[in-house]
1. Classify region 287-402: rounded, prolate or oblate, from the alpha-carbon gyration tensor (a ≥ b ≥ c, eigenvalue square roots; a/c under 1.5 rounded; otherwise prolate if a/b is larger than b/c)?
2. What order do you get for 410-419, 327-336 when each peptide is scored by the mean count of other beta carbon atoms within 10 Å, highest first?
3. What trypsin sites (Lys or Arg not before Pro) in region 81-112 are in a loop by DSSP, with at most 14 other Cβ atoms within 10 Å of the Cβ?
4. Have a look at 91, 198, 140 and report the one farthest towards the positive end of the charge dipole of region 79-222, computed about the Cα centre with Cβ charges (Lys/Arg +1, Asp/Glu -1).
5. Considering only protein heavy atoms, with the full assembly of protein chains and a 1.4 angstrom probe, order 169, 285 by accessible area, largest first.
6. In region 141-250, which trypsin sites (Lys or Arg not before Pro) are in a loop and have at most 11 other Cβ atoms within 10 Å, using DSSP for the loop call?
7. Mind checking region 388-483 for GluC sites (Glu not before Pro) that DSSP puts in a loop (not H, G, I, E or B) and that have at most 11 other Cβ atoms within 10 Å?
8. With only Lys, Arg, Asp and Glu charged, each at its Cβ (+1 for the first two, -1 for the last two), find how big the charge dipole of the chain is about the Cα centre; round to the nearest 20 debye.
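The values are calculated or read from the model by the stated rules, or taken from the named source; none is laboratory data. Since the structure is predicted, the reported quantities are computational estimates derived from the model, not experimental observations. We place every Cβ from the backbone using ideal geometry, glycine too, and count neighbours over all the protein chains shown. Accessible surface is based on the protein model in full, side chains and every heavy atom, while ligands, DNA and RNA are left aside. Shrake-Rupley method; radii C 1.70, N 1.55, O 1.52, S 1.80 Å.
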Amino acid sequence: MSGQSRGDTGPEREEVLGDRPLVVVDRHSTALRTGYTGPAAAGALRPALAIGCYAAWDPALADLVVAAEDRTRVRSVAERHGWPRRVRHEAARHLVKLERPPVVVTGCADARLEELAGPGCTLAAIDPGVRATLEAKPLLDDLLRAAGVPAVARVPAVHVDRLPSPAELRRAVGAERVVVQAGGPGAGSGTVIVAGEGDMGRAARLLGPYRVAAYVAGWPVAITVLSVPDGTGGVGVYADRPAHLTTGVTEPSVGPLGAAGADWSRPWPAPAAALLIECAERVALWAWRRYGAAGMFGVEGILTPDERVHLTALRWRRQRRDEVQAVNQQAAGLPPFVLGHLAVMLGRPVGWLGEPGEFNQLTLLRATRPGGPFAVRLRLAEGPPVRVAAGQGSGVYRLDRDGRARWVRRAAHPSQAPADEGEFLLADLPGPDVACHPGADLGTLEGVTGGGVPPFHGPASVSPFTRKVLAAVGGLLVPWERP
């Protein structure tokens, strides 16, 4: 456990939180750091207590941190999924000491978390049942139609309870390759691309019912949205600059690290960005009228080579990439969307964003221009356990003449790492005494660029800059030797 007293009760905390303590429950105990570090820091977003899996670092410390890694000294797939049970009792001891019921920021609310946080707590997330409905893959097409999303933005798809042959699936959606999806909230584990009989075995292992959609080639994209009740029965919808995503780099030259992430610096074709924003607005309005759902959510899709947008998923929750997309709001002189999300969850006004139409017009203008933040998630590939060699840990780095990563200064905010000047932020790195097993998170590569140093060249291809950084991070790894 680590901690550092901040004593920050700025105007945002007083107005939005009403002097209630802010608690974050997230795999990354530094969640919300972009809001409370770096330029335009909002003291309201520094948690009184952070509960997570990975250790924090200065200057990204909450007032008090309870992290499983501080106890286990291990990063692995199992720890990534099982960390809550390791910190539950210690977290409970600190939660009961809070003077007021907390406001809890988490990706997904559930009864166990509410019980842990105690009576009177506010979970800053929508009802779990509503979220499950809005994110259910088999219901996506019905939901988009009900929301009035234009047919041009929807992928041809059918809903089936049992999977027929690949030939029947292809006929049903008019495509040679199809995407079979099943299950509720969650991403790739419930998705199988079927190109022939050989793929049907994997698809059949999914539990139905199923959504079967035409496969659409293109670049995965996403947009983060904040919907705010307007007091007259509707919602104002604010859209962030959309991002290009990569779900995994397949290049063998990357080395011992797997990479995926989001890039907000690549310029968008205006018609495609405008359509994506319009679709997000329609979904937000429908979800408010039908379920009373408001706050932050994400819309995912595909941007095709001929610059068309097709929606593929809804994520009605705060997501990991929202940590870095907050830089877009801060670049416009505004606090991150998450502060507005907290205000919505607490029934308080959000007066700093202005009129939604004007906001989204500026978003569209910025989206067509190069420049913005990026984040590349780093995971350890196959091989024996390793550790990061002793050094300065998370912070801003640059490459030396030999291509090695050299620490420059302490930092926790992406805008403090201008990639165009050769700098980059390595965030959430494990300490030198942490054993990292295959599949473990090694942190994120973050920064901002004016467009001259993009992180990716395609949906499964990194840029030369990112390839060099990945190689340098790989050079920080040494074999783990059991003490």
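1. On the way: a/c = 1.75, a/b = 1.66, b/c = 1.05.
The shape class here is prolate.
2. Numbers: 410-419: 23.0, 327-336: 20.1.
Put in order of decreasing packing, that is 410-419, 327-336.
3. Taking region 81-112 and a limit of 14 other Cβ atoms within 10 Å, the loop trypsin sites (Lys or Arg not before Pro) found are 97.
4. 91
5. Final ranking, largest accessible area leading: 285, 169.
6. On the way: sites: 145, 154, 162, 170, 171, 177, 202, 205, 211; in loops: 154, 162, 177, 205.
The qualifying sites are 162, 205.
7. Counting only loop positions with at most 11 other Cβ atoms within 10 Å, the GluC sites (Glu not before Pro) in region 388-483 are 481.
8. On the way: 54 positive and 49 negative charges, 153 e Å.
In total the dipole reaches around 740 debye.
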